[in-house]
Structures are given as structure tokens and as C-alpha cells.
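S.K.: The structure's right below; bear with me while I get my questions together.
The values are calculated or read from the model by the stated rules, or taken from the named source; none is laboratory data. Every value quoted in this text rests on a predicted model; they were computed, and no experiment measured them. Here Cβ is always computed from backbone atoms with ideal geometry, including for glycine, and neighbour counts include all displayed protein chains. The protein model used for the area step is the full one, side chains on, heavy atoms only, and it has no ligands, DNA or RNA in it. Shrake-Rupley method; radii C 1.70, N 1.55, O 1.52, S 1.80 Å.
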Amino acid sequence: MSDGAFHFDAKQRSAAVLGQYLWKLRQVLKEIWVRVLGYGAIAVLAALVSPSLAPYVPENLRFDPGDGAVEEVLQIIASSMLAVTTFSLSIAVQAYAAAATSATPRSTALLQQDTTTQNVLATFLGAFLFSLMAIIGLEAGLYSDDGKFLLFVSTVLVVATVVLALLRWISHLINFGRMNDTLDRVEQAATQAIKARVAAPFLGATPRLGAIPPDARAVYPAQVGYVQHVDVAGLDKLSEEMDIEVWISEPAGKFVHPSIPILYVTGTRLDEEQMATVRQGVTIGRERNFDQDPRFGLIVLSEIALRALSPAVNDPGTAIDVISRQARVLSLWKPEPPDEPDCKRVHMPPISGQNMIDDAFHALTRDGAAFVEVQIRLHIALKALAQNNAEVFGPAATALADLSIQRCTDAGMCDDDITRLRKHADLTHLL
């Protein structure tokens, strides 16, 4: 291979992986250990640089904090913050477990990304590390009198930060991990995903409304899992350099394996290395996430409602609440195809209203068939969606309403309740 060909391939690879790495970096930054590590590093740095900054403190601001005053405060912080951190972490873990048990395990990721919890735990651990490093410095004789003064000032600031964190933590624990809190988080994640997709229905790609060209060559994944992210911009840049067009067959949220093509390419015939480079534009992971997958939030909400309707829980009120939230989220779905797509060489399939209605409500027609109050709210929601967006949701809502009536009849619901449901289920005038 010539030097020119080598540089061309290296450029292709960098274009394919850059967007993927940036997306993965955003996912990593949501992890709790990142914030804890950052706070801890700042705390250690504050303790270490205090001796160096001491000569720059103006004389008129200096005072003698007293013999042993700094050491005593640092000892209190060191002994208490470790216990507080451990206790707070156990509370957070219990909240995660409660959400997984009462709601759904798919909701725990949202609780783990809670910024308040991350900030509080990071503050407690940072205060512990600060006091520990300061005590070590004092015992090693690293601090002069001026250094001890600056260390005292830093310690007062740390104590104030810890007090504010404790007050915020106490207020936060009142609702953290409760059912309403979990539902709010899932609804917010689903709403954000819907709004992001409404703003860019095809993620900047060209809408693929027809079939994939028959001469397109399939690109298969190298692993089993869910499509988590499609780097449309990176694929478009690759397409220009390789003189190809990319046809996405499995968008974010789809379960794939090495026998299912994740995308197709047309144009210049690519070798195996170039096909592997194109494949890197699609990230596959073990679980679905909310970023590019607006349907996932609807599924998680539906799972919470199904658990509420289980015989062990028997909480139709939560299911009714979920239906209202689903309708609120779906009411935002009014995407408009772009007049001029940003990435003309990448073709993305649309998200159908049929799939979104099924994700949100189909399972509820089965597990909630014996609950007339749940079915009434379900039909009200279906009618509202069909009235507000008949073109997208009308046929799917009508078909699901008919299926719901049939399932309620099969489940043995009395004739009076069936009659009540039929009044809410009449959507034929919207078709």
C-alpha cells in the first residue's frame, strides 16, 4: 500500500471514530465516579498548594488561628466525612434497589446519573480527602505559620461546603427513589429524547422513506447487542471520502447480531478494512439508552405500569398515572422532515407512529384488560392522541382501541363496563 493510500485510510478511520468517541465520552461523564474523582482531585490539590500560596496572602488579612485549632477541625472532618460518605452511599444504593423493585430496573440508570446525589457524595469524599492530606502535611511539617493560616481558611470553606451539601442532601432524600420521583425522571428522559428527535427527525440524515436499493452491500455488526448511537455526521464525512452512500437499516434501539445488517452501502466497492471503518459509525452496547432512542422511554414507562398491574402490586392508580404521562410525551411527537438535510449521503428510516403507540400502550391492553378504570384512561389517551395528530397516530390508535375492547371481552369484563369503554373507543370519525 502506498503512503498516500495509507494516509487516506487513516483519515477515514479518524472520521469514523471521532463522533463515536465523543458520544462515549459524554456517557462516561454521566458516571458518578467521574464527579467524585474530580472533587477529590480538587480537594487534594487545595491541601497541597496551600503552603505555596501562603506568601501571597496580604499581611492585613492574616491572623493566628491558634495552636491546634486547624488540626482539631481537620480531625473532626476526617473522622466524620468517611462515615457520612459511606452512609450516604448506602442510602443511594437502597434508592436504586427500591426503584428497580417498585418501578423497573431500566430506571436505575437515571437515578445513578442524578447530579445532586453525585455532587453530595463527591463533596463528602472530597472533604475527607482534603482533611486527610492536610493532616499528613501538618504531621510532615510542610506548613509554615502563614501556610497554617491559609489552610485554616481553606478548612472553613470546606466546612461551609459540607454544611450546604448536607442541607441539600436532606431535602433531596425526601423524594429520591420514590415512585413519583422515578416516574418524573423517566418521563423527563423520554421527553428530552422526543424533543431532540422532533428537532432532528432523521438526525441530520436524508429521510429514507422507501426500500433500500437492491444493489446495496450489507454491513454486519461484529457483536450482539443494541444499537445505541449512530454517528450520522461521521458516516456522512466517510461517505464523501469513499464516494459511497450509507443506508441505515437498524437505527438506535434495535437489537442486532452478526447475521443482521446494521447498514448498507452503495457506490464504490469497499474492501474489508474500509467496511470495518464504516461499521465503526454505529455503536452497539449491551443495553438501550435514551439519547437517540425516543421509543426506549416509552417502553420503560410501560414497564412501570405493567409492574403496578401485577397481582403482587395491584396498583392501578400508578398505571393510570403512567398512561397520562405517555400521552403527554407522545403529544410532543410532531416531526417535520428537513427541507435540506445536513448529511445527504446518509439515509435514515423514520420512526412510525404505529411503533410508538405499541411501545407505550400495547402491553397495557393485555395486562390491564381486567381493570376498567385503566382501560378508560387508556382509551381517553388514545382518542386524545388521534385527535391531536390523526395523520401519525389515528390508524394505530384506532386499531389498538379495537384490540383493547377484544381483550377486555376475553378477560371477562362485564357488559356494562364494555359499553362504557366503547363510548371512549369510538375513533372511526378520525380516520
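S.K.: For segment 103-251, restrict the atom set to alpha-carbon positions and state the Rg and Dmax in Å.
M.R.: 25.9, 80
S.K.: Now, a different point. Full extension from residue 418 to residue 196: what is 0.36 nm times the residue separation minus their Cα-Cα distance, to one decimal in nm?
M.R.: Additional length available on full extension: 76.0 nm.
S.K.: If one computes the Cα centroid of segment 157-202 and of segment 93-137, what distance in Å separates the two points?
M.R.: Result: 13 Å between the Cα centres.
S.K.: Now for a separate question. Of all the accessible heavy-atom surface of the chain, with the other protein chains kept in place and a 1.4 Å probe, what percent is carbon and sulfur?
M.R.: 58 percent
S.K.: OK, next. Classify segment 178-334 as rounded, prolate or oblate from the Cα gyration tensor: take a ≥ b ≥ c as the square roots of its eigenvalues, call it rounded if a/c is under 1.5, otherwise prolate when a/b beats b/c and oblate if not.
M.R.: Cα axes put segment 178-334 in the prolate bin.
S.K.: Under 5 Å between amide H atoms, partner at least 5 residues away or on a different chain: which partners does residue 292 have, H built in plane at 1.01 Å?
M.R.: none
S.K.: Residues of segment 382-410 with the amide nitrogen closer than 19 Å to a label point 7 Å from the Cα of residue 334, along Cα-to-Cβ, please.
M.R.: Of the residues in segment 382-410, 382-397 have backbone N under 19 Å from the label point off residue 334.
S.K.: What trypsin sites (Lys or Arg not before Pro) in segment 269-342 are in a loop by DSSP, with at most 12 other Cβ atoms within 10 Å of the Cβ?
M.R.: Passing sites in segment 269-342 are 269, 286.
S.K.: Next question, about the same structure. Please report, ordered by residue number, every helix of the chain (full DSSP H runs) that is 18 Å or longer along its axis going by C-alpha atoms and whose mean Kyte-Doolittle hydropathy reaches 1.6.
M.R.: What comes out of the filter, once short or polar helices are dropped, is 32-53.
S.K.: Nearest 20 debye, what's the magnitude of the dipole of the chain about its Cα centre given +1 on Lys and Arg Cβ and -1 on Asp and Glu Cβ?
M.R.: Magnitude of the dipole: close to 720 debye.
S.K.: Measure up 195/334; 30/334; 24/237 against 21 Å on the Cα-Cα distance and list the ones that go over.
M.R.: Over 21 Å Cα-Cα: 30/334.
S.K.: Scan the chain and hand back the longest stretch that contains none of the GluC sites (Glu not before Pro) lying in DSSP loops with at most 14 other Cβ atoms within 10 Å.
M.R.: Result, exposed sites excluded: 32-286.
S.K.: Efficiency by 1/(1 + (r/R0)^6): what FRET value for residue 90 and residue 144, r their Cβ-Cβ distance, R0 = 51 Å, to the nearest 0.05?
M.R.: After rounding to 0.05, the efficiency reads 0.80.
S.K.: For residue 284, enumerate residues with amide H under 5 Å from its amide H, sequence gap 5+ or separate chain, H modeled in the peptide plane.
M.R.: 228
S.K.: Treating the Cα atoms of the chain as identical point scatterers in vacuum, please give the log10 of the normalised Debye intensity I(q)/I(0) at q = 0.10, 0.12, 0.14 Å⁻¹, two decimals.
M.R.: -0.87, -1.03, -1.17
S.K.: Let me ask something else about it. Taking a probe of 1.4 Å, how large is the accessible area per residue of segment 71-212, in Å²?
M.R.: That works out to 47 Å² per residue.
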